[in-house]
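Contents: one structure, followed by commentary.
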Amino acid sequence: MLNTFYTTLFRPRDSQGTAAISLMIGGLTVLVLALNTAGVFHAGTSGLMLILLLFVLAGGLGCYWLATSLHFCAQLLGGQGTSGQTFQAVVRGLWPLLLSGSAIASKHLSPTLGSLFTLGILIGTLITLAGSVRQVHQLSWVQAAVGLSLTLGVSGLALLGLILWPLMLVGGL
């Protein structure tokens, strides 16, 4: 995974990663997030299995949505990659989330340190997402950042619409 990080940031033309690496990173990320959640809720083994199943389904759907949106934005900005490559780039770009367990553990030592570590993980995730998209679509850092910003902005508006639409229906009836 460190090799993926290095090639994403510093050698973008050398390697575009394989499906096996993307699958491994995605699986480990879902597992770590499920373990973190099960620990917070003090869920047992059966609770962990249920959370893991939900996270696999929701994570797959979320990655698909993010990859589709990023692919569309990258194509608008002149990107050259395929949709499959974009999906792999999104999954590879999420690898800093593997460190979230350490961030949770550091909050027990010092809430400030834990919060800074969590912020660093989120910023690192955005950087690796932009770097992966830049690598796959042969874009500049600015174009990749704009594409990621557009994707996250539109996704936020879609979520807001999903929340407000039922309220408008109930209020209007």
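The values are calculated or read from the model by the stated rules, or taken from the named source; none is laboratory data. Since the model is a prediction, treat every value here as computed from it, not as a measurement. Backbone-built Cβ (ideal geometry, glycine too); neighbour counts: all protein chains shown. To get the accessible areas, we keep the full protein, side chains included, count just its heavy atoms, and leave off ligands, DNA and RNA. Shrake-Rupley method; radii C 1.70, N 1.55, O 1.52, S 1.80 Å.
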- Item | When residues of region 14-56 are limited to those that are polar (S, T, N, Q) and in a loop (DSSP other than H, G, I, E, B), the one farthest from GLY84 (Cα to Cα) | SER15
- Message: If I ask for residues that are among the hydroxyl-bearing types (Ser, Thr, Tyr) and closer than 14 Å to GLY79 by Cβ, which ones from region 119-173 would you list?
- Response: SER132, SER140, THR151
- Picking from LEU98, LEU126, LEU70, LEU169, which residue would you name as being surrounded by 15 or more Cβ atoms within 10 Å (Cβ to Cβ) and free of Cβ contacts under 8 Å to residues at least 24 places away in the same chain? LEU126
- Task: Could you pull out the residue among ILE121, ILE104 that is at pLDDT 90 or above and either surrounded by fewer than 19 Cβ atoms within 10 Å (Cβ to Cβ) or not in a helix (DSSP H, G or I) (or both)?
- Result: ILE121
- Message: Looking only at region 107-118, filter to residues that are of a type in the set (Gly, Ala, Ser) and part of a helix (DSSP H, G or I); which one of those is most open to solvent (accessible area, probe 1.4 Å)?
- Response: SER115
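Anything in region 7-27 that is within 16 Å of the chain's Cα centre (by Cα) and either surrounded by 15 or more Cβ atoms within 10 Å (Cβ to Cβ) or modelled with pLDDT under 60 (or both)? List them, or say none.
Residues satisfying the conditions are THR8, ILE21, SER22, MET24, ILE25, GLY26.
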- Query: Of the conditions (1) open to solvent by less than 20 Å² (accessible area, probe 1.4 Å); (2) of a type in the set (Gly, Ala, Ser); (3) free of Cβ contacts under 8 Å to residues at least 60 places away in the same chain, GLY44 fails just one. Which one is it?
  - Reply: (1)
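Every residue, every condition in (1) under 19 Å from the mean Cα position of the chain (by Cα); (2) of a type in the set (Phe, Trp, Tyr), yes or no:
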| site | (1), (2) |
| --- | --- |
| GLN75 | no, no |
| SER83 | yes, no |
| TRP95 | yes, yes |
| GLY101 | yes, no |
| VAL136 | yes, no |
| ALA144 | yes, no |
| GLY147 | yes, no |
